[in-house]
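Before any comments, here is the structure.
Readers should treat all values here as calculations from the given coordinates under stated rules, not as data from a laboratory. Everything numeric here is computed off the predicted structure, so don't read it as measured data.
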Amino acid sequence: DLRLRTKLTASFILVVLIPVLITGAVRTEEVRQMAIDDAVAEANDNVLRVKQRSAEVLDVAIDVSFRILFDDRLEQLVNGQYESTYDYVTAFRPYQAFTEYSRYYSEIDEIRFYIDNPTMINNWSIVHVDSATAELDWFHQAEKREGLIGWHRVVDAQRKIASRLSLVRRVDFPAYSSYGILTIDINSAELNTILAQETFETMIVDENNIIVAANRTGRIGRELGEIDMRPRHGDEEG
């Protein structure tokens with residue numbers, strides 16, 4: 001009887017229990033892999049959707065930058081030599097292109113043009129390049145690119161606004177042997193609205209991997225490499 005019981009037990013283990021355990025483990029791994037694949041596919045779809053919608057916003061700034069690139073009125077204005085503040089104000093007042101672009105396109109927050117012309121006075125649109133601005137990293141990179149578009153988190157000595165993504169490009173004036181740096185600030189609300197609809201943590205970074213928009217507001221302004229991607233309670237505020 002003992003032998004028979006042992007044989008039956010051994011047979012049960014070999015014929016039933018072990019195959020069931022193996023089958024269960026294989027099935028569990030298959031289900032786990034399916035869940036991972038579904039999550040990856042959903043994340044890829046989310047990234048593609050964010051990329052497409054963000055591109056629609058950024059394309060507006062790109063289009064405006066090309067219009068400014070070939071703006072003869074701006075070329076004459078920023079290269080003029082002014083003997084007095086009155087002369088400059090008189091020349092500048094009719095030029096409303098930057099204001100009109102910002103008014104007509106909700107994707108654009110603010111437009112600025114930096115140029116080394118000491119006869120001009122600074123205003124919120126056209127700025128004489130001072131020594132502090134000339135030393136900024138985004139300014140240097142724009143000079144080196146010679147007209148190619150870059151995307152940066154722009155901060156200057158006057159505004160000290162650090163959380164907006166800006167299109168930055170150099171604009172050359174061969175007739176005057178001069179150039180200036182154009183910045184077009186993207187409306188952060190437009191980008192944050194896009195990201196707020198995503199269930200996965202989603203961020204937009206500039207060329208230096210600085211986070212300029214995110215659906216977790218505590219990330220904005222930080223470097224991507226500093227971020228601990230593990231979810232933590234209270235990070236939304238932090």
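Work out how far the C-alpha atoms of region 72-153 reach from end to end along every principal axis, then list the three figures in whole Å, largest first.
35, 33, 21
Please work out, to two decimal places, the log10 of the ratio I(q)/I(0) at q = 0.14 Å⁻¹ from a Debye calculation in which every Cα of region 36-111 carries one identical scatterer.
-0.63
How much length is gained on full extension from GLU207 to GLN76, taking 0.36 nm per residue of separation minus their Cα-Cα distance?
Here the segment from GLU207 to GLN76 would lengthen by 44.0 nm.
Using only C-alpha positions, report the orientation-averaged shadow area of the convex hull of region 86-212, nm², one decimal.
Convex hull of Cα atoms, orientation-averaged projection: 8.9 nm².
Hey, what's the Cα Rg ratio for region 72-113 versus the globular rule of thumb, 2.2 N^0.38 Å?
Cα-based Rg divided by the globular estimate yields 1.33.
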